[in-house]
Amino acid sequence: MFDKEFIFKGKHAELVNELTDKEYGIFNRNLDVLFIAPLIGLHYNQLGAEESTGKTTKIFVETLIKEQRRLKFLYRLVMLLNSQKPDVDERIKMAFKEGSKETVEENNKIFTSYVLGGVEKLHEKLLADMTASNYEEDLLENMYQLINEFDYDLRDTDDLDIVDFALK
């Protein structure tokens, strides 16, 4: 896991490039997008489909290996909170047991779909409807709105119980 390049393809490569654009981007590196995208995809329950053609942008294996501890944490979190699998025991196995090659590939596809959905949602929430003349103001407003949504969603739960949250 996280021992080979992570490649964004097609529209997702274009969205990541816009999110990391040197002049107007929000993130410094593709890795920064990878850190936040699965959480956004999970929060909004948005999945993306991997494309096989078009532009590509990648995260090199050396970078992924250096950040493997954090990435495994994100992977496990996504597997535990994955709404596609209703059985809690199955989610725990997905998060902490390797299993067969087919199982690992299926779990990686689930994680990747949350990453890609998160990329789509990040782009939609942060960069959609931007105007060149008010770019900085629009970006700040969009960032504020996104953070406000998270704050509201988290405050909306009375005495958050992680087990109940995971079972939703």
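The values are calculated or read from the model by the stated rules, or taken from the named source; none is laboratory data. For clarity, every value in this text was computed on a predicted model and none was experimentally measured. With ideal geometry, Cβ positions are generated from the backbone for all residues, glycine too; neighbour counts draw on all protein chains shown. Note: accessible area is taken over every heavy atom of the protein model, side chains too, but ligands, DNA and RNA are not part of it. Shrake-Rupley method; radii C 1.70, N 1.55, O 1.52, S 1.80 Å.
Could you tell me how many of the residues in region 58-112 are within 28 Å of ASN17 (Cα to Cα), surrounded by 15 or more Cβ atoms within 10 Å (Cβ to Cβ) and charged (D, E, K, R)?
Total meeting the criteria: 3.
So if I check each of GLY54, GLY41, GLY25, which one is at positive phi and either touching a residue at least 40 places away in the same chain (Cβ under 8 Å) or small (Gly, Ala, Ser) (or both)?
GLY54
Can you tell me which residue within region 115-168, out of those that are polar (S, T, N, Q) and within 29 Å of MET79 (Cα to Cα), is modelled with the lowest pLDDT?
So the residue we want is THR157.
Please work out which residue is farthest from ARG76 (Cα to Cα), limiting yourself to region 9-30 and to residues that are acidic (Asp, Glu) and part of a loop (DSSP other than H, G, I, E, B).
It comes out as GLU23.
Name the residues in region 1-10 that are at pLDDT below 95 and open to solvent by less than 70 Å² (accessible area, probe 1.4 Å), would you?
Of everything in region 1-10, those that are at pLDDT below 95 and open to solvent by less than 70 Å² (accessible area, probe 1.4 Å) turn out to be MET1, PHE2.
Here's a check for you: in region 11-56, which residue that is among the small types (Gly, Ala, Ser) and within 22 Å of ASN107 (Cα to Cα) is surrounded by the most Cβ atoms within 10 Å (Cβ to Cβ)?
In this case the residue turns out to be ALA37.
Report, ordered by the first and then the second residue, all pairs with beta carbons closer than 6 Å, sequence separation of six or more or different chains, a first member in region 120-147 that is closer than 20 Å to LEU42 by Cα, and a second member that is hydroxyl-bearing (Ser, Thr, Tyr) and surrounded by 11 or more Cβ atoms within 10 Å (Cβ to Cβ).
Partner pairs satisfying both residue conditions: LYS121/TYR44.
Mind listing whichever residues of region 90-111 are among the polar types (S, T, N, Q) and touching a helix residue (DSSP H, G or I) at 6+ places or on another chain (Cβ under 9 Å)?
THR103, ASN107, ASN108
Among the residues in region 124-132, are any in contact with a Leu (Cβ under 6 Å, 6 or more places away or on another chain), aliphatic (A, V, I, L, M) and part of a loop (DSSP other than H, G, I, E, B)?
No - not one qualifying residue is present in region 124-132.
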